[in-house]
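The values are calculated or read from the model by the stated rules, or taken from the named source; none is laboratory data. Owing to the predicted nature of the structure, the values given are computational and were not obtained by experimental measurement. When we count neighbours, we look across all protein chains shown, and the Cβ atoms used for this are built from the backbone with ideal geometry, even at glycine.
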Amino acid sequence: MAMNLVKLCVGVSSVEQLEAHRAREIAARQAAGEPPVMVHVTRMTPARREEVENGGSLYWVIAGSIQCRSEIVALETLEGDDGIKRCAIVMAPDVIRTAPTPRRPFQGWRYLKPEDAPRDLAGPGEGGEGLPEDLRAKLMEIGAW
């Protein structure tokens with residue numbers, strides 16, 4: 001059974017901003033002869049590593065709600081110049097939009113069971129993109145998505 005992770009996307013205010021950041025990072029990786037994947041380094045390595053690597057995704061919390069996910073390709077152990085071991089979450093380059101799901105702030109990452117994960121959106125415009133943020137938030141509160 002796959003296990004997902006959920007993490008705050010700090011410093012990013014929209015899915016479009018995350019997509020633009022990813023496009024720049026992937027272009028830089030490809031120019032350096034590296035594979036077109038995204039890597040996010042975090043302090044802690046999931047104890048349920050096999051489950052996460054077995055089809056899990058990293059769900060991103062942006063502006064107070066889970067709004068998208070990235071498929072996890074691998075979890076790798078890195079050691080920094082300071083001697084501290086960290087976890088590199090290696091992800092596929094695509095950002096998959098999900099139904100907006102409110103989420104309170106937290107530190108680090110958390111596990112997210114597949115049955116608790118928001119559904120993927122069918123296409124552009126679904127989920128209130130383009131609406132004013134306050135209206136979109138109110139619609140999310142009443143369960144429109």
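Worth pointing out:
- Meets criteria (farther than 20 Å from Asp120 by Cα and crowded, with 16+ Cβ neighbours inside 10 Å) for Thr42: yes
- Summed over region 35-66, residues that are out of contact with any strand residue (DSSP E or B) (no Cβ under 7 Å at 6 or more places or on another chain), modelled with pLDDT under 95 and of a type in the set (D, E, K, R) total 0.
- Checked against (1) under 15 Å from the mean Cα position of the chain (by Cα); (2) farther than 25 Å from Leu135 by Cα; (3) assigned to a helix (DSSP H, G or I); (4) small (Gly, Ala, Ser), Ala27 meets all criteria but (1).
- Checked across region 126-144, the condition of being surrounded by fewer than 13 Cβ atoms within 10 Å (Cβ to Cβ) and at pLDDT 90 or above holds for no residue.
- Selection status of Glu16, over 22 Å from Asp120 (Cβ atoms) and either free of Cβ contacts under 8 Å to residues at least 24 places away in the same chain or among the β-branched types (Val, Ile, Thr) (or both): no
- Of Val39, Val61, all but one fail to be within 14 Å of Gly108 (Cα to Cα) and touching a Lys or Arg at 6+ places or on another chain (Cβ under 9 Å); the exception is Val61.
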